[in-house]
Amino acid sequence: MDCRQQVDHVGFRRADVHDALRRDRSPGRSSPPGRRLTNLRIDRYLPRADELFPDLDDFAARFVACRIPKTEWTHLAHLAIGMWHVHTYGADEALTRLRVGIRRLNDNHGTPNSATNGYHETITRAYVQLLDQFLEASPPQIPLKERVAELIAGPLSARDMLLTFYSKDLLTSTTEWVEPDVMALRVASVR
């Protein structure tokens, strides 16, 4: 399966996951106490992280060298690169490096970094904060590759996840950092 098919396939499958999750959360249905949505259910729909990113260090090196083709620079790729950076450098340095790296890669792809396209400070900074919290909540002995797999299989990877914290109007109104207007950025809010 080439990268384009894989990206399209992931998008289709992700919609199935969100439909299934909505049905699970419908009124009158409840989960047993303490039950979380598990990767088992989601794995039926989504490829594993090791299928998408077999070598995270190599993928990160390709990001830094601007050698990730536009067709591979997907939402899930952003998350994997973000997670690798936060794990490797800590949240503050990761944000600095991601700001530069995403803009450079977009420039390399011919994607303008403008008010309506390309790099977005609020989206990047919010995700870095959430990824940092996600990593802090994960047992440190779990390899990064497995934590990325958990991230990708979970609700934090939904493309519209930031709307848990931001109204759409605020999130799309500026490319500068703005604080959330719906609720504080807490990874526990999307788990």
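The values are calculated or read from the model by the stated rules, or taken from the named source; none is laboratory data. What you see is a predicted model; the values in this text were computed from it and never measured. In this analysis, Cβ positions are derived from the backbone assuming ideal geometry, glycine residues included, and neighbour counts consider all displayed protein chains.
Annotations for the structure displayed:
- Qualifying residue in the range 140-147 (condition: closer than 17 Å to LEU56 by Cα, of a type in the set (Lys, Arg), modelled with pLDDT under 95 and surrounded by fewer than 20 Cβ atoms within 10 Å (Cβ to Cβ)): yes
- Test for THR71: is it over 23 Å from SER173 (Cα atoms) and either free of Cβ contacts under 8 Å to residues at least 24 places away in the same chain or surrounded by fewer than 17 Cβ atoms within 10 Å (Cβ to Cβ) (or both): yes
- Residues located in the range 75-92, provided they are within 13 Å of the chain's Cα centre (by Cα) and either hydrophobic (A, V, I, L, M, F, W, C) or modelled with pLDDT of 95 or more (or both): LEU76, ALA77, HIS78, LEU79, ALA80, ILE81, GLY82, MET83, TRP84, HIS85, VAL86
- Count of residues meeting criterion [part of a helix (DSSP H, G or I) and among the small types (Gly, Ala, Ser)] in the range 157-191: 4
- The range 92-139, residues that are hydrophobic (A, V, I, L, M, F, W, C), buried (at least 18 other Cβ atoms within 10 Å of the Cβ) and touching a residue at least 40 places away in the same chain (Cβ under 8 Å): LEU105, ALA126, VAL128, LEU130, LEU131, PHE134, LEU135
- For the range 165-184, filtering for residues that are crowded, with 17+ Cβ neighbours inside 10 Å and at pLDDT below 95 leaves 2.
- Matching residues, the range 157-189, being more than 20 Å from ALA115 (Cβ to Cβ) and touching a residue at least 60 places away in the same chain (Cβ under 8 Å): SER157, ALA158
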